Every structure is written in structure tokens, then in C-alpha cells.
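Beneath this line is the structure, given in C-alpha cells, with notes to follow.
The values are calculated or read from the model by the stated rules, or taken from the named source; none is laboratory data. Bear in mind that the values here come from a model prediction, so they are computed numbers and not experimental data. Quick reminder, even Gly has a Cβ in these numbers, built from the backbone with ideal geometry, and neighbours come from all protein chains shown.
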Amino acid sequence: MAVPRILIVGGGYVGMYTALRLQRRLRRGEARITVADYDSYMTYQPFLPEAAAGNIEARHVVVPLRRVLHSCQILSGRVTSVRLADRKAEFQPHEGPDLTIDYDYLVFAPGSVSRLLPIPGLAEHGIGFKTVEEAIHLRNHVLGKLDVAASTPVEEVRRRALTFVFVGGGYAGVEALAELEDMAGDAIKYFDGLRREDMRWILVEATDRILPEVGADMGRWTAQELRGRGIEVRTGTRLKSMEDGHIVLDDGDEFDAETLVWTAGVKPNPLVKAGDLPLDDRSRVKANAFLQIEGAPFAFTAGDAAAVPDLTRPGEMCPPNAQHAVRQARRLADNLLATIRGGTREPYRHRNAGSVASLGLYQGVAQIYGRELRGFPAWFMHRTYHLTRMPTVNKKTRILMDWTLGLFFPREIVSLGALQRPREEFKLAARM
């Protein structure tokens, strides 16, 4: 009898945690697992703001799939289509010819991508904040702009370099802005002729409040806290354009800036449309409470790209966050095992425990089981919660060491912007 083949599309929260649980619970020779993703590592996104701020080494927020999933086949490249009808997926490796992957069971979890709007200049000049590469780039970029401002007497150049705009008032935008502003505030004292007041940090949010996940009261407190640090919080405001470094907002304000960070929402990975997967009106893969894809009992889905019913809130879907993704992965793995073994599947049910957000060193905001926390207790809760959710003892230990060293030594203020252009110096030498 042929060994069942399990294909896991995506190596993020759902993909990695599902594979890890299956690896531990499958009997020897019971099934073969293949994990296909563009990257060969999982990024723990809640720690990206701290990685960007230098509180955590960037390599410590990623988990290499080949190390933790030692019993799985890892394919690095792009899955270009997934078909349920004939149980096949098309795969494009980074190099070499395309492959067709046959499977008996499917776990579809490609995650999400940034949701861009047709705003002039956005695609050309904006910076996202979903990957560790973007976090590293943004850190180098901000510190590089401090270098620029400190090295020129031209006021217009200084002002453009020291203006930082973040669009999107959800978790990603608020945490990234708060952590980077805190880092830049520490770093700027080492730059002659620059003061913290010379920097301009702006948060642009289209709705009437920020951080809706923690409730209206805590969202207002967060806005007040950020404004107290000199950060401009513009609610009810939209970005109209950013062409040639010129920002135009729909409230009539215009100014020049060289930094635009776009965190205004996500959408399911475009892969959802490359095949015959059933989709809802928001392009999410339709799933039932057992995390099975609608009409395909051999296929499962979860995470940002899936429309999973929230049994604790009848009629609504589970929100796309890490808390649900990690728990869905466990239930999905157990239901897949039950399907292989002819056992009983159980529905996914989890009541949201709350939300936590960091606002820089020793500052945070949280809502846990209806209880609101702010300041140091919320910041401590944020770090504690996410440290417990970080995969592997190795990564937990390294992050804890980063934090411990941060208590005794200042953060690094070196911009390694040349990482984006590693051959520039070599090409220059060749021309001499």
C-alpha cells in the first residue's frame, strides 16, 4: 500500500506548526510530508518591530524549517497553482525546471500579502512591514537618514530625511512606528547637531481610531501616549499620493519625506486564485469548522488566507492573527491525522484571549480577557506572551539573551545600508 503524501503549502505559522505536530504524532512510515514555501524559514512576525528597533537580533525571529522539520521534505520556491480536482500542485523552484507535485492530503496555508491601493508613488517608494527583510531594511533606512541629516547643512535635505510617515493604525503600523521612534530617539543623541525634536513622525489612519483590536478606550489612550512623545496621529485621514518624495494627504496637508511605511492591511496570498479552490467574497478559501476546505474532505486550510467560522461568534469568521493561526494549526494537524486513520474530527473553537502591543521600551497596551493594561505591565505582558509562543528553546533562549544584554548595553546605531547593494564597492573598484 502506497504511503499517503501530505503537501503543506506555506511555511508560516500554520504550515510550520502543522508540520511540527504531524512530525511528532505520525507513526513511522504512516505518511510523507512535503512543505513548500518561497522561504526556507518561518518568521515570527510579532517580534518584527523589536527586530527593526534592534532589541532583538533579526536572525533570532526566524526559525529554519530544515532544522525543526527534520522528517519533512522542504522545497524552496514558489507554488504557482493548487488543484483539488486532480490533487496536483505546480511548483517553481528558485532555479531549474518547474515541478508537478502529487498529493493525497493538502494543507493550504500560504498566508497573506500587503494590501496595496492604487495611490500614485506608493508602489515605487513605499516600504512594507511583513518580512524580516523589510524590518532589517527599515532599521538601516531610518539610521541612514539620521546620517544624511547630520552630514548636510541644507535644511530642506535635513527636513526630508527626518520625516517618517507610517500609513495604517493597526498593530503593525503602531508597533513599528513606536519602536523605531524610540530607537531613533536613543540614537540621535550621538549625531552632532541633531535633536529629537528635529524628527517628525506621522501616523496616518483612515478610520477614526487606532488599534481597534484593544478597544476604543485603549486606542484613545495609545493615541494620547504617542502624541505625548511628539508623534502626529492623523485619524480620519488618507494618503493621496507620494510622488518624488512629496506626500499629499486628503486633509490638505503636503510635505516632503523620504520614508513611507505602508501597513494598511493585508489580503490573502494571490495563490488562492491560481487553481480551483472555493473562495468567499473576500478571496479567502472557504473552510468548515473542522478546517476542511469546502467540498474537499482531504484538504485543509487555516490562517490568513482561510475563511474559518468562529464558533464563539456565530456568523463571523476568525480574525487573521497569530493567536488563531497557532491554535488552528494544532487542531488542523489532529483532524488530518484523524482523517488518515479514520477517526473522529473535532471543530476548531477558541475564544480570543485578548491583544497586546508594544509601544517601545517599557511601554505597551493590552486587553486580556476584558482587563485593560497600559504602560510597563502591558509591555511586560507583550514580551512574556510572545516569548512563550516563539518556537524552539533555541530561539527563546537567544531572544531572552538579547533582552538581557539590552538591560546593560545601549542599542547599536550602525546603519548597514550597504547590505542592500553588496556589490557597489566592488563595481566601483573595477572602474578605477
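In the stretch 90-107, how many are buried (at least 19 other Cβ atoms within 10 Å of the Cβ) and free of Cβ contacts under 8 Å to residues at least 60 places away in the same chain?
Result for the stretch 90-107: 1.
If we only count helices (runs of 4 or more DSSP H) wholly inside the stretch 27-141, which ones have 1 or more residues that are within 23 Å of Phe164 (Cα to Cα), among the small types (Gly, Ala, Ser) and at pLDDT below 95? Can you show your working first?
Details: elements: 48-53, 65-68, 122-125.
Correct list: 48-53, 122-125.
Looking at Arg59, Arg28, which is the one that is more than 27 Å from Glu412 (Cα to Cα) and surrounded by fewer than 22 Cβ atoms within 10 Å (Cβ to Cβ)? Reasoning before the result, please.
Details: Arg59 fails: more than 27 Å from Glu412 (Cα to Cα).
Among Arg59, Arg28, only Arg28 is more than 27 Å from Glu412 (Cα to Cα) and surrounded by fewer than 22 Cβ atoms within 10 Å (Cβ to Cβ).
Which one of these is outside the structural domain of Gln45 (by TED's automatic domain parsing), closer than 18 Å to Asp244 by Cα and either surrounded by 23 or more Cβ atoms within 10 Å (Cβ to Cβ) or not aliphatic (A, V, I, L, M) (or both): Gly173, Gly169, Gly126?
On the way: Gly173 fails: closer than 18 Å to Asp244 by Cα; Gly169 fails: closer than 18 Å to Asp244 by Cα.
Of Gly173, Gly169, Gly126, the one residue that is outside the structural domain of Gln45 (by TED's automatic domain parsing), closer than 18 Å to Asp244 by Cα and either surrounded by 23 or more Cβ atoms within 10 Å (Cβ to Cβ) or not aliphatic (A, V, I, L, M) (or both) is Gly126.
Considering only the stretch 184-290, give the strands (runs of 3 or more DSSP E) lying wholly within it that have at least 1 residues that are more than 29 Å from Gly370 (Cα to Cα) and not polar (S, T, N, Q).
Working: elements: 200-205, 232-235, 239-243, 246-249, 254-256, 259-262, 266-268.
Fully inside the stretch 184-290 and qualifying: 200-205, 239-243, 246-249, 254-256, 259-262, 266-268.
So which residues in the stretch 45-89 are free of Cβ contacts under 8 Å to residues at least 12 places away in the same chain and in contact with a strand residue (DSSP E or B) (Cβ under 7 Å, 6 or more places away or on another chain), if there are any at all?
Across the stretch 45-89, there are no qualifying residues.
Any residue in the stretch 342-363 that is farther than 21 Å from Pro314 by Cα sitting within a Cβ distance under 6 Å of a residue that is among the β-branched types (Val, Ile, Thr)? List the pairs, counting only those 6 or more apart or interchain.
Ala357/Val365
Any idea which of (1) surrounded by 15 or more Cβ atoms within 10 Å (Cβ to Cβ); (2) assigned to a strand (DSSP E or B) is the one Pro297 doesn't satisfy?
Looking at each condition in turn, Pro297 falls short on (1).
So is Thr18 more than 30 Å from Phe409 (Cα to Cα), exposed (fewer than 15 other Cβ atoms within 10 Å of the Cβ) and under 25 Å from the mean Cα position of the chain (by Cα) or not?
On the way: more than 30 Å from Phe409 (Cα to Cα): yes; exposed (fewer than 15 other Cβ atoms within 10 Å of the Cβ): no; under 25 Å from the mean Cα position of the chain (by Cα): yes.
No.
Could you please let me know if Thr163 is out of contact with any His (no Cβ under 6 Å at 6 or more places or on another chain), at pLDDT 95 or above and either surrounded by fewer than 23 Cβ atoms within 10 Å (Cβ to Cβ) or not assigned by TED's automatic domain parsing to the domain that holds Glu412 (or both)? Quick ask: steps written out before the conclusion?
Working: out of contact with any His (no Cβ under 6 Å at 6 or more places or on another chain): yes; at pLDDT 95 or above: yes; either surrounded by fewer than 23 Cβ atoms within 10 Å (Cβ to Cβ) or not assigned by TED's automatic domain parsing to the domain that holds Glu412 (or both): yes.
So Thr163 passes the test.
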